[in-house]
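Working notes, structure below.
The values are calculated or read from the model by the stated rules, or taken from the named source; none is laboratory data. Model, not experiment: these values are computed from the prediction. Here the Cβ positions follow ideal geometry from the backbone for every residue, glycine too, while neighbour counts run over all protein chains shown.
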Ligand SMILES: C[S@@+](CC[C@H](N)C(=O)[O-])C[C@H]1O[C@@H](n2cnc3c(N)ncnc32)[C@H](O)[C@@H]1O
């Protein structure tokens with residue numbers, strides 16, 4: 001795994017605390033900026049990720065790093081779930097997720113709560129499926145977070161991870177890299193009130209293991225039948241695995 005990148009270079013706080021602070025700060029504009037900066041492709045990425053679970057027919061699901069809860073909402077649309085716990089480190093994100101579920105009348109099926117992937121309150125084998133969308137890259141300790149996820153999944157249960165990856169195809173790689181490194185942080189700086197956040201986004205993706213490197217880590221944790229599918233020429237990738 002690459003060097004540890006944190007949001008605030010000069011801060012003495014550990015990565016997890018910095019990540020919590022950063023997402024608390026950008027929470028009010030998170031949904032809006034996601035849509036604008038990805039030209040609404042993010043919705044399609046989440047839809048594709050959830051569709052991987054359709055033939056598994058999960059009844060209980062945990063959405064880790066839920067943010068404002070969009071993956072949980074999409075899962076409820078596509079799957080026949082009894083309940084979804086939507087968990088996030090950032091209290092401000094969870095407040096917004098709760099408001100979203102109330103507004104959509106989903107508070108009886110989607111339950112947002114503050115929590116840390118590296119220290120889950122659930123018993124072993126509690127969920128048929130776990131999802132993490134654009135979350136694993138932010139974990140303070142990736143292997144600890146993934147081991148906790150493994151612990152709470154039922155035998156034969158599924159894991160779906162959606163995460164940024166690095167495009168490899170010329171010339172898309174070079175064009176996207178310019179946008180991701182220069183233009184996106186500039187827009188993020190003007191709009192999110194946290195200049196560090198979108199610089200961190202670029203830097204954290206550069207050091208995060210993608211494709212087979214991430215698949216190897218999942219296998220080391222114990223996951224089986226690990227597969228992955230790059231989306232939009234490799235901007236992000238869906239990883240699918242079984243316990
Ligand atoms: C980029 S957002 C993704 C939100 C949402 N899943 C989506 O698809 O838009 C990453 C989220 O991960 C959360 N996060 C980071 N580390 C976490 C951890 N250890 N446990 C739970 N959530 C975490 C952050 O608070 C943040 O809300």
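Quick notes on this one:
- Flag if residue 71 is outside any loop (DSSP other than H, G, I, E, B), in contact with a strand residue (DSSP E or B) (Cβ under 8 Å, 6 or more places away or on another chain), over 20 Å from residue 204 (Cα atoms) and in contact (Cβ under 8 Å) with a residue 60 or more places away in the chain: yes
- Residue 115 being more than 16 Å from residue 59 (Cβ to Cβ), out of contact with any helix residue (DSSP H, G or I) (no Cβ under 8 Å at 6 or more places or on another chain), buried (at least 23 other Cβ atoms within 10 Å of the Cβ) and at pLDDT 95 or above: no
- Scanning region 35-85 for residues that are over 21 Å from residue 23 (Cα atoms), within 13 Å of the ligand (Cβ to nearest atom) and out of contact with any helix residue (DSSP H, G or I) (no Cβ under 7 Å at 6 or more places or on another chain) yields 44, 48, 49.
- All conditions but one from (1) surrounded by fewer than 16 Cβ atoms within 10 Å (Cβ to Cβ); (2) closer than 23 Å to residue 8 by Cβ apply to residue 65; the one that does not is (1).
- Within region 210-231, being surrounded by fewer than 18 Cβ atoms within 10 Å (Cβ to Cβ) and in contact with a helix residue (DSSP H, G or I) (Cβ under 6 Å, 6 or more places away or on another chain) holds for 222, 231.
- Residues in region 181-200 that are part of a loop (DSSP other than H, G, I, E, B) and surrounded by fewer than 15 Cβ atoms within 10 Å (Cβ to Cβ): 193 only.
Here's the yes/no breakdown for (1) in contact (Cβ under 8 Å) with a residue 24 or more places away in the chain; (2) within 15 Å of the ligand (Cβ to nearest atom); (3) in contact with a strand residue (DSSP E or B) (Cβ under 9 Å, 6 or more places away or on another chain); (4) part of a loop (DSSP other than H, G, I, E, B):
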| site | (1), (2), (3), (4) |
| --- | --- |
| 107 | no, no, no, yes |
| 113 | yes, yes, yes, no |
| 125 | yes, no, yes, yes |
| 129 | yes, yes, yes, no |
| 137 | yes, yes, yes, no |
| 140 | yes, yes, yes, yes |
| 143 | yes, yes, no, no |
| 146 | yes, yes, yes, no |
| 151 | yes, yes, no, no |
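- Listed by first and then second residue, the pairs with beta-carbon distance under 6 Å, at least 6 apart or on different chains, first residue in region 165-180 and part of a helix (DSSP H, G or I), second modelled with pLDDT under 90, form an empty list.
- Qualifying residues in region 38-52 (those that are within 16 Å of the chain's Cα centre (by Cα) and part of a loop (DSSP other than H, G, I, E, B)) - the one farthest from residue 95 (Cα to Cα): 52
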